[in-house]
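*Asks:* The structure's right below; bear with me while I get my questions together.
The values are calculated or read from the model by the stated rules, or taken from the named source; none is laboratory data. Note that the structure is predicted; figures quoted are calculated from it, not measured. Every residue, glycine as well, gets a Cβ built from its backbone with ideal geometry; the counts of neighbours run over all protein chains shown. These area figures cover heavy atoms from the full protein model, side chains too; ligands, DNA and RNA do not enter into them. Shrake-Rupley method; radii C 1.70, N 1.55, O 1.52, S 1.80 Å.
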Amino acid sequence: MANDSYRIKPDPLDPRLTERVRGVDQTGAAVETAVTVERALTIFLNAQEIVTAMTINDYPEYLALGYLINQHMLLADDVVTGVDYDEELAVVVVRTKRKTDYEKKLKKKVQTSGCAQGTVFGDLMEALEDVTLPPAELRTSWLYRLTHEINTTPSLYLEAGAIHGCVLAVADKPIVYMEDVGRHNAVDKIAGWMFRHHVSAHDKIFYTTGRLTSEMVIKTVRMGIPILISRSGFTAWGVELARKANLTLIGRARGKRFVALAGTERIVFDQDLAYVEEESAKHRRKAAMHDD
């Protein structure tokens, strides 16, 4: 498209990301369908093994950087001297000028509700201490144009399903669209891209297809992004933490509808809903019945 604003977007035709599998349907008829491929990727920080993640492995370097940033193991002012990926060993090594040792932190981990067994190390509340998110604004005209653009972008989800997507945007323009088997991986890849390219967060909007959980809120706040939008629903703790951090939290954003439960002062209602279309069945994603 001539107005395509993406720096990175899904490539559903990438042969590494799906496989064709034969089976039968509910009538017993033979079918062939695309399924998403997941691979193990081990992340090292200098000489220390940190975690093994299950991922589609399309951007392993960004995933490694973003994971370490969001676990507060890689600091904003750290000098990264190298990011080395070995495809055969399925290993990424992030090297820093600062010496690191997270043995104690690795012993303290909290299982989160994220897909693919996501973990958050250390104190969950640490990320929200002394946080001041920028004022920013979200115009509803941006929101509707942005969600329409994201939902009609060719993606691995539309090709094979079983995957989450996250998008970094400015106003109504999507910039980076990442997908992965776990939404936390997609978030981390965007965080890694922002770190690697020195991208400011103050005017950004973050969109996710996944639930607005405590983990999603904490990672968005840690990245310094003031607005978080999802087509899915909320958890109570996610809402509580968003209010504590003054993060604008919008969920159930599908077609004309959305619900904002935190940071509503940033929203500018400038869109006439008579000119907004409902979401088409072709691009509709899974959603809980009580969210419809």
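*Asks:* Taking Leu156, is it open to solvent by less than 10 Å² (accessible area, probe 1.4 Å), more than 22 Å from Phe258 (Cα to Cα) and at pLDDT below 90? If you could, list the steps in order and put the result at the bottom.
*Replies:* On the way: open to solvent by less than 10 Å² (accessible area, probe 1.4 Å): yes; more than 22 Å from Phe258 (Cα to Cα): yes; at pLDDT below 90: yes.
The answer is yes for Leu156.
*Asks:* Sticking with this structure for a sec: For the stretch 44-61: of the residues being open to solvent by 40 Å² or more (accessible area, probe 1.4 Å) and in contact (Cβ under 8 Å) with a residue 60 or more places away in the chain, which is farthest from Leu106 (Cα to Cα)? If you could, list the steps in order and put the result at the bottom.
*Replies:* Residues of the stretch 44-61 open to solvent by 40 Å² or more (accessible area, probe 1.4 Å): 44, 47, 49, 52, 54, 59, 61.
Narrowing the set further to residues that are in contact (Cβ under 8 Å) with a residue 60 or more places away in the chain leaves 54, 59, 61.
Working: Met54: 18, Tyr59: 24, Glu61: 21 Å.
Only one residue tops the list, namely Tyr59.
*Asks:* Which of the residues belonging to the stretch 32-57 are within 11 Å of Val181 (Cβ to Cβ) and out of contact with any helix residue (DSSP H, G or I) (no Cβ under 7 Å at 6 or more places or on another chain)?
*Replies:* Residues satisfying the conditions are Val37, Glu38, Arg39, Met54, Ile56, Asn57.
*Asks:* For the stretch 29-43, how many residues meet the condition of being open to solvent by less than 50 Å² (accessible area, probe 1.4 Å) and part of a strand (DSSP E or B)?
*Replies:* Our first condition is that a residue be open to solvent by less than 50 Å² (accessible area, probe 1.4 Å); within the stretch 29-43, this holds for 29, 34, 36-37, 40-43.
Within this subset, residues satisfying the condition of being part of a strand (DSSP E or B) are 34, 36, 40-43.
So the count comes out to 6.
*Asks:* If I ask for residues that are open to solvent by less than 10 Å² (accessible area, probe 1.4 Å) and either assigned to a strand (DSSP E or B) or acidic (Asp, Glu) (or both), which ones from the stretch 180-203 would you list?
*Replies:* Asp180, Asp188
*Asks:* So which residues in the stretch 159-179 are farther than 25 Å from Arg266 by Cβ and either crowded, with 24+ Cβ neighbours inside 10 Å or under 15 Å from the mean Cα position of the chain (by Cα) (or both)? Steps first, please.
*Replies:* Start the filter on the stretch 159-179 by keeping residues that are farther than 25 Å from Arg266 by Cβ, which leaves 159-163, 179.
Once the filter is applied, which keeps residues that are farther than 25 Å from Arg266 by Cβ and either crowded, with 24+ Cβ neighbours inside 10 Å or under 15 Å from the mean Cα position of the chain (by Cα) (or both), the stretch 159-179 yields Ala162, Ile163, Glu179.
*Asks:* Mind listing whichever residues of the stretch 204-232 are part of a loop (DSSP other than H, G, I, E, B) and open to solvent by 10 Å² or more (accessible area, probe 1.4 Å)? Step through it out loud before you land on a result.
*Replies:* Step one: list which residues in the stretch 204-232 are part of a loop (DSSP other than H, G, I, E, B), which gives 209-211, 213, 224-226, 231-232.
Selection gives Thr209, Arg211, Gly224, Ser232.
*Asks:* Which members of the stretch 186-232 meet the condition of being within 23 Å of Glu278 (Cα to Cα) and among the aromatic types (Phe, Trp, Tyr)?
*Replies:* Phe206, Tyr207
*Asks:* Here is a further query. Would you pick out the residues in the stretch 12-28 that are open to solvent by less than 100 Å² (accessible area, probe 1.4 Å), free of Cβ contacts under 8 Å to residues at least 12 places away in the same chain and part of a loop (DSSP other than H, G, I, E, B)?
*Replies:* Asp25, Gly28
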